[in-house]
Amino acid sequence: MIDLRSDTVTQPGAAMRTLIASAAVGDDVFAEDPTVNQLQELAAELSGQPEALFLPTGTQSNLVGLLAHCERGDEYICGQQAHTYKYEGGGAAVLGSIQPQPIEFEADGSLDLNRVAAAIKADDFHFARTRLLALENTHAGKVVPLEYVARARAFCDEKGLGFHLDGARACNAAVKLGVPLKQVTAPFDTVSICLSKGLGAPVGSVLCGKAELIAKARRWRKVVGGGMRQAGVLAAAGIYALEHNIERLAEDHDNALRLAKGLASIDGLRVDVDAVQTNMLYVDMDSGCLQPLRNSMLEQGIRLDSRLPMRMVTHLDISRDGIDRVVGAFKQFFSSAGR
Ligand SMILES: *Cc1c(COP(=O)(O)O)cnc(C)c1O
C-alpha cells in the first residue's frame with residue numbers, strides 16, 4: 001500500500017522495534033524512566049532548548065505549551081489555518097480558557113508582524129490579555145524563513161509576548177534549509193516537535209523549552225492525563241527516530257518534488273510545482289474526478305486524501321519507485337476514455 005494521505009501512517013521498522021523491545025523503563029510520572037529521560041535530553045540538545053518533555057501526541061504538546069504560557073482570560077495570536085487553532089478541537093479555549101486571536105497566514109507561512117501588532121490588545125479590562133505569538137513551521141509544507149523568525153523573536157521581546165512554535169515538522173524545515181534543527185527551534189520559548197510523522201515513531205511528541213515553562217507544562221501534562229508510566233518503550237522509538245530519521249527526510253522532499261513534477265505533466269491536474277518545498281504537495285482537479293480517481297487508485301494499492309485540493313504527503317514508507325508507480329497510475333487514469 002502506498003498511503004499518501006499523511007506522514008503519520010508510517011510503520012515502525014525492525015531496528016526501531018528492536019530498540020523498543022529492549023528499552024529500560026521506570027515510572028515516568030516520578031521522572032524515573034531512563035529511556036524517557038534520555039529522549040528528553042536528546043530532544044533538548046537537538047532543539048537548542050534547556051529542557052524537553054515527552055508527550056503522547058502533538059495536540060497535547062501544543063496544548064500544554066499554550067497552558068504553560070497563558071492563564072484563564074489570556075490570549076494567543078496564531079494563524080487562521082494553524083493546527084493549534086483549527087485542528088485541535090479548540091483545546092486551548094475548551095480546556096484552558098485561553099482565547100485564540102487568529103490572523104491570516106502570509107503566502108510563505110509567516111504572520112505579518114504589522115498585523116500581529118494590530119491584533120495585540122491594550123491593557124484594558126474589556127480585552128483578553130495578549131500573551132503569546134504561536135507560529136507553525138513547516139506550515140502546509142512551507143518553510144518559514146529564518147530571517148523572519150529572528151524578526152518575530154525581537155518583536156515578541158519588544159512587546160512582552162511569549163513565543164511558541166508548533167514545530168510538528170520542524171525537522172523537515174531544518175533539513176530543507178540544510179541547518180541543524182536548533183537553528184530553526186532555538187529562537188522560541190517553547191517548541192512542539194512530532195516524533196510520529198516523518199520521523200517514523202509510532203507515538204509521541206516532545207515539548208522543548210525554557211525550564212520554568214517546561215515545569216509548568218509537566219504539571220499540565222498530568223492534569224490532562226498525559227502522565228504515562230513505563231513510557232520508555234515509546235520513548236525508545238523516539239530516540240531511534242531522532243538519531244536515524246532526520247537526515248533522510250531529504251529523500252521525502254525529493255520524492256514530493258518528483259511526484260509534483262510527474263503529476264503536473266498530466267492534463268486534468270493542477271499542481272504548483274514551485275510551491276513544493278518539503279514533503280507536501282497540493283493537487284487540484286475537477287471535483288467530479290475525485291471519487292472515481294480515489295476508487296481506481298485504491299484498487300491499485302494507492303490511498304489518497306478525500307478533499308480538494310488534494311494534499312499528498314511523502315514519508316519513509318514511500319520509495320522513489322512508489323512515486324513512479326503513483327505517477328504511472330495517475331497518467332493511465334487521466335488518459336483513459338472519457339476523461
Ligand atoms: C500533526 C500536527 C500536530 C499534532 O498532531 P497529533 O496528531 O496530535 O500528534 C500539530 N501541528 C501540526 C502542524 C501538525 O501537522
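The values are calculated or read from the model by the stated rules, or taken from the named source; none is laboratory data. Everything numeric in this text was worked out from a predicted model, so none of it was measured. With ideal geometry, Cβ positions are generated from the backbone for all residues, glycine too; neighbour counts draw on all protein chains shown. These accessible areas exclude ligands, DNA and RNA; they are computed on the full protein's heavy atoms, side chains included. Shrake-Rupley method; radii C 1.70, N 1.55, O 1.52, S 1.80 Å.
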In nanometres, the difference between 0.36 nm per residue of separation and the alpha-carbon distance of residue 324 and residue 112 is 72.5 nm
Stretched fully, the stretch from residue 157 through residue 124 gains (0.36 nm per residue minus C-alpha distance, one decimal, in nm) 9.8 nm
Of the listed links 176/197; 197/222; 86/121; 121/197, those spanning more than 28 angstrom between alpha carbons are 121/197
Expressed per residue, the solvent accessible area of the range 181-339 in Å² (1.4 Å probe) is about 44
SASA check, residue 229, accessible area w/ 1.4 Å probe, all protein chains in place, rounded to nearest 10 Å², comes out at 110
Scoring the range 194-339 by relative contact order with C-alpha pairs under 8 Å, at least six apart, yields a percentage of 21
Percent relative contact order for the range 18-175, counting Cα pairs under 8 Å at least six residues apart, stands at 18
Long-range amide H partners of residue 128, meaning residues 5 or more apart or on another chain whose placed amide H is closer than 5 Å, are none
Semi-axes of the chain from the Cα gyration tensor (sqrt of 5 times each eigenvalue, largest first, whole Å) come to 34, 26, 17
With the dipole of the range 1-42 defined by +1 on each Lys or Arg Cβ and -1 on each Asp or Glu Cβ, the option from 1, 19, 31 whose Cα lies farthest towards the positive pole is 1
Carbon and sulfur atoms account, in whole percent of the 1.4 Å probe accessible area of the chain, for 50
Rounded to the nearest whole number, the per residue volume of the convex hull around the C-alpha atoms of the range 82-204 in Å³ is 112
Stretched fully, the stretch from residue 306 through residue 212 gains (0.36 nm per residue minus C-alpha distance, one decimal, in nm) 29.6 nm
Note on the range 1-97: contact order normalised by length, alpha-carbon pairs under 8 Å, 6 or more apart, percent, works out to 14
Under the 7 Å Cα-to-Cβ spin-label approximation, residue 243 and residue 41 lie apart by a distance in nanometres of 1.3
